[in-house]
Structure formats: C-alpha cells, structure tokens
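One structure is given below, encoded as structure tokens.
The values are calculated or read from the model by the stated rules, or taken from the named source; none is laboratory data. Everything numeric in this text was worked out from a predicted model, so none of it was measured. When we count neighbours, we look across all protein chains shown, and the Cβ atoms used for this are built from the backbone with ideal geometry, even at glycine.
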Amino acid sequence: MPKVAFTYEIPEIAEKKLREAGFDIWINKEDRTLSHEEILELAKSNDALITLLSDKIDKEVIEAGKGNLKVISNYAVGYNNIDVDAAKDAGIFVTNTPGVLSDATADLAWALLFAVARKIVESDKFVREGKFVGWRPKLFLGYDIKGKTLGIIGMGRIGREMAKRALGFDMNVLYYKRNRLSELEEKELGIKYATIEEIVKNSDYISLHTPLTNETYHLLDEKEFSLMKPNAIIINTARGPVINEKVLIKYLKEKKIAGAGLDVYEEEPKIPQELLELDNVVLTPHTGSATYETRDKMAEMVAENVIVALKGDVPPNNVY
C-alpha cells in the first residue's frame, strides 16, 4: 500500500480522497512546522510528501527520498521552498496548486489596498479605545481610489484578476510583465504596459504579483523607492523578499511613501519589530488564499496530483 505523509494538517478532503484511493496516510497533527530531520525521515519512508511553503525541501531531503519517493505535492501555488532541479534529477515529481487561488488572493490584495488607503485598521483601533467623540473635518483622512493609477508588477493569473477589479474603479492601470501581453489582451483588461521604473514613478498604488526568483529578489529596492510618489501605497501578496524590507521600513518611517499592506514578509514568519510598530501599515498572516472554498479546492488538487503520480503518470500540476 503506497504511503503518503502530510507535513501539516490541511482540509480533510485531501485525506478523504487519498484514503478512498487506497493509500496509507500519516498526518502531522501538531500545530508546528516539522524539523528538517523529521522531514528527512518522512522522505525515506514514504511514496509521497504533501508539503507547505514553510517546509524546506532541499537537496538533502531529495537524496533521502531517492528510490521510494515519487512526488512532492506542495499545498501552494509557489514552490520556491523545493529544490526542483534536484527533484527532477532524482525523477521525483514536484506539483503545486495553480489558478485556484487567484480570485481569493486578488480579493485580499484589494482588501489591503482599501484598508491602507482609508486607514481602516487604525480607525477601528481608535474607536475601540473609546477615542471617538464625534465627526471631525480632518479625522483619519485617507486617499481616493477611483480614478487613481494602479501599477501591477506581475501579470499572471492573480495580476489579471487584480486588473479586472480595477475596472470597476475607473483606474488607470499600468502593468509590467517580463513577456508583454498581446495588444488584444491589454485592450480586454484595460491596461497599459510600462517599465518597473515608470510604474513606481507614476502609480498611486503598487501591487506585487510576481513569483520569487533570482530576478525578482529585492525587485523593489532603494532605487525604486526613491522614485515613488509621497502618496504611494504598496501592496504585497506575492513573496516577502520581492521587497527589500529594510528599505521599505525606512521609507514608511520617514513618511516618504504613504503606506503598505503586507501579507508576506522577507524572513517569514519573523516580522521586524519596527514594521509592527508602524501605523501606516496593515499586516496579515499570509492569508491570501484563506477562504474555505479556495483552501478546499487546493486540498483536492494536492490529492489529485498525488493519486496520478502514484499511478505512474505525470501529475496535472507538475512544475517541470
């Protein structure tokens, strides 16, 4: 009987599908990330691993799994936690859950944009602390959204959903993608191509939707921040290291930009104390895909990838 190990508990539908397929299941039921040594042992004794972004699946883990491990099914759209080249060399499939979380993540990016622009979290705290004594002309002034310029860096599935939502606010949408879209696609989405420099110079809101690669590491650094408007608001639901966090903190503290909405962090789950103390930032705990519907669909995809791989076929979401 093929053996499948979950490094962390995910929605029950994945376990149900795998048990129905006749697999022997082990699930980490503890509310903690497994150690590297524990994951090594799982790789040695299982046919499939179901992993999270927080699990480091490096070459050592891949080597430990050689001979028995057939697939690493990542419960995420990203897979920068896995040494894909090593897995490919070892003949181990690596799968992810693309597409299914696009709407939920775009929705959260918009929620962060609204929350920062209109100072929702700060206002909520103010009311709860009993400080609200009546309407005031300058109380918690924020920024308009309708008619403003939104810069989207990364125009994959999530970036496209972000652009679609901007249509309802009559926004001027600039976008950057390594491979530019066709004129027809640009027209359908109502977007204009721009360089990253043009986007950071001209946008009131900048939303990041790129994967983490060598090219996108610190994509927003000192140079890019120095070009931004003082009213610029940055939204990051992509990957933390796409932004140089130290530079971001400096510009936020010095009020050289207006604010930021962050769902991901450079050294996640560690968050700098300076960032926690800033009022012009809204922080969420990597919950871009956190809706009941989306997480269930992701769990189904994870299970399906494992089932197909253990039948000896190429799983539908193999990343190489």
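Put simply, of ARG157, ARG165, ARG118 the only residue that is within 28 Å of THR51 (Cβ to Cβ), charged (D, E, K, R) and touching a residue at least 24 places away in the same chain (Cβ under 8 Å) is ARG157.
Scanning region 1-20 for residues that are among the hydrophobic types (A, V, I, L, M, F, W, C) and crowded, with 17+ Cβ neighbours inside 10 Å turns up VAL4, ALA5, PHE6, ILE10, ALA14, LEU18. Of all residue pairs spaced 6 or more apart or on separate chains, those with beta-carbon atoms under 9 Å, a first member in region 272-296 that is closer than 12 Å to LYS253 by Cβ and a second member that is in a loop (DSSP other than H, G, I, E, B) and not basic (Lys, Arg) are PRO272/TYR265; PRO272/GLU266; LEU275/TYR265; ASN280/ILE257; ASN280/ALA258.
As for region 252-260, it holds at least one residue that is closer than 28 Å to TYR75 by Cβ and crowded, with 16+ Cβ neighbours inside 10 Å. Among the residues making up region 180-196, a single one is farther than 16 Å from ILE158 by Cα, in a helix (DSSP H, G or I) and in contact with a strand residue (DSSP E or B) (Cβ under 7 Å, 6 or more places away or on another chain): ILE196. Mind listing just one residue for me: the one in region 197-214 that is β-branched (Val, Ile, Thr) and in a loop (DSSP other than H, G, I, E, B) and, of those, surrounded by the most Cβ atoms within 10 Å (Cβ to Cβ)? Once the filter is applied, the top-ranked residue is THR210. Evaluation of PRO98 against the conditions (1) under 28 Å from the mean Cα position of the chain (by Cα); (2) modelled with pLDDT of 95 or more shows that the sole unmet condition is (2). Return yes when VAL247 is surrounded by fewer than 19 Cβ atoms within 10 Å (Cβ to Cβ), more than 18 Å from the chain's Cα centre (by Cα) and aliphatic (A, V, I, L, M) and no when it is not. Judged against the criteria, VAL247 is a match.
Could you grab the pairs with beta carbons closer than 7 Å, sequence gap of 6+ or different chains, first residue in region 212-229 and over 12 Å from ILE196 (Cβ atoms), second one among the acidic types (Asp, Glu) and buried (at least 16 other Cβ atoms within 10 Å of the Cβ)? Cβ pairs passing all conditions: LYS229/ASP204. Residues in region 146-179 that are in contact with a strand residue (DSSP E or B) (Cβ under 9 Å, 6 or more places away or on another chain) and not in a helix (DSSP H, G or I): how many? Total satisfying the criteria: 17. Taking region 215-308 as the region of interest, the helices (runs of 4 or more DSSP H) fully inside it that hold 1 or more residues being farther than 28 Å from ASN81 by Cα are 222-226, 245-253.
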